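The structure appears below as structure tokens.
Just so it is clear, none of the values below were taken in a lab; they were calculated from the coordinates. What you see is a predicted model; the values in this text were computed from it and never measured. All Cβ positions, even for glycine, are placed from backbone atoms using ideal geometry, and neighbour counts span all protein chains on display.
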Amino acid sequence: MPLSGAMLAVSAAGELQQALDFGTGSAKQILSKSMALASGTGAGKADRLFSDRRTLAASGTEDLDLAGVLLDAFGTAITFARIKGLIIAASKDNTNNVLVGAASGSPWAALLNSTGVLTLRPGAFVAVGTGVADATGYAVTATTADLLKIANSGGTTGVTYDIHIIGASA
């Protein structure tokens, strides 16, 4: 089934202000990046999409299998060969952090190395996009490099997070 309207965008903006002798000086600073992907598997294309709100129990962990276990919105198993965009957002209502990192076996280490762990404090998010010129994306290798570990940093309460993955099957 074709994928349409695949897009990832992120922006940051702020304005520094300084009182001067005869007025106020200001410097606007803006960084905005976006990518729109056509349907397919090459550069600037994607054909797989996974999106979910998930909850982990206290001290809980899960390995998201990017090759053949996750289900799309219609209940069809998804096999990613390449990840083109990824957003993970921890709920602002969490007490504990959401930890994103490599699984102990068959880790997907294309984004984070096999020992790297990213800490998302309550309300924090991370967004990664490969850009439309990149045909490779972040490679996923079934059975040997396809598990993305998500963990709850604490043992007292559960955590909730949202995840959105855009990728290609080849």
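Measure off 7 Å from each Cα along the Cα-to-Cβ vector at residue 33 and residue 142, then give the distance between these two points in nanometres to one decimal.
Using points 7 Å along Cα→Cβ, the separation is 3.0 nm.
Below 8 Å, C-alpha to C-alpha, sequence gap of six or more: please give me the relative contact order for the range 1-99 in percent.
20 percent
Let me know the charge dipole size of the chain about its Cα centre in debye, to the nearest 20, where only the beta-carbon of Lys, Arg (+1) and Asp, Glu (-1) is charged. Working shown, then result.
Details: 11 positive and 12 negative charges, 26 e Å.
It works out to roughly 120 debye.
Pairs 84/149; 28/84; 33/84: which are spaced more than 22 Å apart, C-alpha to C-alpha? Don't jump to the answer; show the numbers that get you there.
Numbers: 84/149 18 Å; 28/84 30 Å; 33/84 14 Å.
Those over the limit are 28/84.
Could you tell me the center-to-center distance, by alpha carbons, between the range 4-25 and the range 39-90 in angstrom?
32 Å
Can you tell me which of 153, 91, 59 moves the most in a GNM of the chain? Springs connect C-alpha atoms under 10 Å apart.
59
Highest mean first, how do 155-161, 30-36 rank when packing is the count of other Cβ atoms within 10 Å averaged over residues?
On the way: 155-161: 16.0, 30-36: 11.9.
Highest to lowest by the protection proxy: 155-161, 30-36.
How much of the DSSP beta bridge set in the chain is antiparallel, as a percent to the nearest 5?
Numbers: 56 of 59 bridges.
Among the beta bridges of the chain, antiparallel pairing accounts for roughly 95 percent.
State whether the chain is rounded, prolate or oblate according to the following rule on the C-alpha gyration tensor (a ≥ b ≥ c being the square roots of its eigenvalues): a/c under 1.5 gives rounded; otherwise a/b larger than b/c gives prolate, and the remaining case gives oblate.
Numbers: a/c = 2.24, a/b = 1.32, b/c = 1.70.
The shape class here is oblate.
In percent, what relative contact order does the range 37-168 have, based on Cα pairs under 8 Å that are 6 or more apart in sequence? Walk me through the numbers before you get to the answer.
On the way: 361 pairs, mean separation 57.4, N = 132.
RCO, the range 37-168: 44 percent.
With labels modelled as points extended 7 Å from the Cα through the Cβ direction, what inter-label distance (nm, one decimal) is found for residue 24 paired with residue 9?
With each label placed 7 Å out from Cα toward Cβ, I get 2.8 nm.
Order the peptides 135-143, 64-72 from the highest to the lowest mean number of other Cβ atoms within 10 Å of their residues.
Details: 135-143: 16.0, 64-72: 17.6.
The peptides rank, most packed first, as 64-72, 135-143.
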